[in-house]
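Single-structure report; data block below.
Values in this text are rule-based calculations from the coordinates and carry no lab data. Keep in mind that what you see is a predicted model, and the values were worked out from it rather than measured. Don't worry about glycine lacking a Cβ; one is built from the backbone with ideal geometry, like all the others, and counts go over all protein chains shown.
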Amino acid sequence: MKEMKGMNIKTCPVCGNILDAEGLKVKDYSVSGEVFEICTCRHCTFSFTQPQPEPSAIGKYYQTEDYISHSDTKQGMVNRMYHLVRKKNTNDKLDLINRLAKKPASLLDVGCGTGYFLSVCRQKAWKTEGVEISDVARRMAEQRTGQAIYPSLDALTATGKQFDVITLWHVFEHLHDINASFLQLSQLLQPQGTLIFALPNLCCADALHYQEFWAAYDVPRHLSHFNPVSLRRLVEKHGMKIEQILPMKMDAYYISMLSEKLKNTAFWGLLKAVWYGWQSNCRAKKDGNYSSLIYIIKK
Ligand SMILES: [Zn+2]
C-alpha cells in the first residue's frame with residue numbers, strides 16, 4: 001500500500017484545537033490506490049483526511065470515469081442506479097428550494113457538476129448561476145444550461161452578486177479551506193437568504209458498519225468529514241445558524257451499495273446493501289444520524 005504525501009493539518013480548522021490522534025486508514029479505491037487517514041479532533045469531533053493533497057495536486061484524483069457526478073455515463077448497474085437516485089433527489093431538492101424562497105428568486109449552485117440541477121431550476125423560472133472547478137464538467141454544464149458557469153467562488157465573489165438560495169450538494173466536503181469558503185458563501189448570501197449543504201454524516205450506522213470500506217469517505221476527494229455537531233460548531237463560529245436538518249434516506253442504500261462494491265461482495269452485495277441501508281435508516285429514525293443530511297443554514 002502506498003502512503004501519500006501532502007499537507008498535514010496540525011490545528012483543527014473548526015475549533016483551533018491542536019491535533020495529535022491517529023485515525024482510520026482508508027484507501028483511495030477509485031483512482032490512486034494511496035492510503036490516507038481519517039483523523040478526528042477530540043475536542044469538536046470534526047474529522048478530516050490526512051494528509052491533504054495540495055490544491056494544485058488534487059486534480060489528478062478526480063480523473064476517473066467512476067467519478068459519476070462529473071460524467072453522464074449510464075453504463076453499469078451502479079451508474080444506472082445513480083441516475084435513478086439523481087432524478088428522485090433532484091425533484092426533492094427542487095421542492096425544498098421552492099418552499100424556501102418566493103419566486104422570482106436567485107439560486108447559486110456551487111459545484112454544479114454537469115449542470116443537471118441548474119438546468120432543472122432554470123426550467124422552473126429560477127434565476128441561476130453556477131460554479132464548477134472542473135473544466136470538463138463546466139463545459140458540459142454550459143452546454144446543458146446555455147449560460148456561463150464560473151470556474152471558482154473567487155471569480156463570482158468579485159462580481160458582488162448576492163443570492164436568495166445557495167446550494168452545495170455534496171460539495172463542501174471537497175473544499176480545501178473551509179473557513180475561507182464559508183466566509184465567501186456568507187458574503188454571496190442575501191441577508192434573508194438560505195444556504196443549503198448536503199453532506200455525508202460519518203456518525204451514521206452505515207459508516208460504523210463499513211468502516212474503511214465506507215464509500216462516502218472517498219479519500220482524498222473528500223477532505224472534511226462532518227457530523228451534525230461539528231458542522232453546527234463551524235456554522236455558529238461564522239455567526240450563522242442551522243435552522244433545520246433533513247434526512248437523505250436514499251443515500252443509506254446508495255452508499256451501502258458502493259461500499260459493498262469496494263468489498264467485492266459480488267451478487268450478495270446488493271442484498272447486503274439493501275439490508276444495511278435499511279438498518280441505517282432505522283437507527284437514524286431514533287438519533288437523526290442519517291447517512292447524508294441536508295442542513296438549512298441562515299444568517
Ligand atoms: Zn476541533
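Hydropathy first: keep DSSP H helices in the chain averaging at least -0.5 on Kyte-Doolittle, then drop any whose Cα extent along the axis falls short of 24 Å, and list what survives. Intermediate values should be presented prior to the final figure.
Working: long enough: 77-100 (34 Å, -0.81); 266-287 (32 Å, -0.45).
Taking the DSSP H segments of the chain (at least 24 Å long, mean hydropathy at least -0.5), we get 266-287.
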- Tell me which aspartates and glutamates have Cα within less than 12 Å of Lys298's Cα, excluding those fewer than 8 residues away on the same chain? Asp164, Glu236, Glu243
- Quick note, the chain: a/c under 1.5 would make it rounded; otherwise a/b > b/c is prolate and the rest oblate (a ≥ b ≥ c, C-alpha gyration tensor); here it is rounded
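Using Cα-Cα distances under 8 Å and only pairs 6 or more residues apart, what relative contact order does the chain have, in percent? Mind dumping the intermediate values first?
Numbers: 553 pairs, mean separation 53.1, N = 299.
Averaging sequence separation for qualifying contacts and normalising by length gives 18 percent for the chain.
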- Please find the FRET efficiency linking Lys285 to Ala180, where r is the Cβ-Cβ separation and R0 is fixed at 41 Å, and quote it to the nearest 0.05. 0.65
- the range 277-296 and the range 163-224: distance between their alpha carbon centers, rounded to Å: 16
- Note on the structure: Between Lys249 and residues 5 or more places away or on another chain, the pairs with built amide H atoms under 5 Å apart involve none
- Let me have the relative contact order for the range 169-299, percent, based on Cα pairs under 8 Å that are six or more residues apart. 38
- Taking 29-35, 215-221 and ranking on average Cβ neighbours within 10 Å, highest first, one gets 215-221, 29-35
- Message: To make sure I understand the rule: partners must be lysines, Cα under 24 Å from the Cα of Lys25, and not fewer than 8 residues away in the same chain. Which ones qualify?
- Response: Lys2, Lys5, Lys10, Lys60, Lys261, Lys263, Lys272
- Query: Using a basic spin-label model with each label point 7 Å from the Cα along Cα→Cβ, how many nm lie between Thr11 and Gln187?
  - Reply: 2.1
- For Thr157, the net charge from surrounding residues (Cβ-Cβ under 14 Å; K, R +1; D, E -1) works out to -2
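Please give the contour-minus-distance gain from Lys102 to Asp154: 0.36 nm per residue of separation, less the Cα-Cα distance, rounded to one decimal in nm.
Values: separation 52, 0.36 × 52 = 18.72 nm, distance 2.75 nm.
Here the segment from Lys102 to Asp154 would lengthen by 16.0 nm.
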- Under 18 Å from the Cα of Lys299 - lysines, other chains or at least 8 residues apart: Lys102, Lys161, Lys237, Lys241
- About the Cα centre of the chain, how large is the charge dipole given +1 on each Lys and Arg Cβ and -1 on each Asp and Glu Cβ? Please answer in debye to the nearest 20. 960
- Message: Based on alpha-carbon centroids, what's the gap between the range 75-89 and the range 109-123 in Å, whole number please?
- Response: 17
- Message: Tell me whether the range 112-196 comes out rounded, prolate or oblate; compute the Cα gyration tensor, take square roots of the eigenvalues as a ≥ b ≥ c, and use a/c under 1.5 as the rounded threshold.
- Response: oblate
- Note on the structure: Note on the range 103-184: contact order normalised by length, alpha-carbon pairs under 8 Å, 6 or more apart, percent, works out to 34
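So what is the calculated 222 nm ellipticity per residue for the chain, using -39500 (n - 2.57) for each DSSP H run with n of 4 or more, over all residues, to the nearest 500 deg cm²/dmol? Numbers along the way, then the final one.
Values: 9 runs with 110 residues, N = 299.
Only helices count here, giving -11500 deg cm²/dmol.
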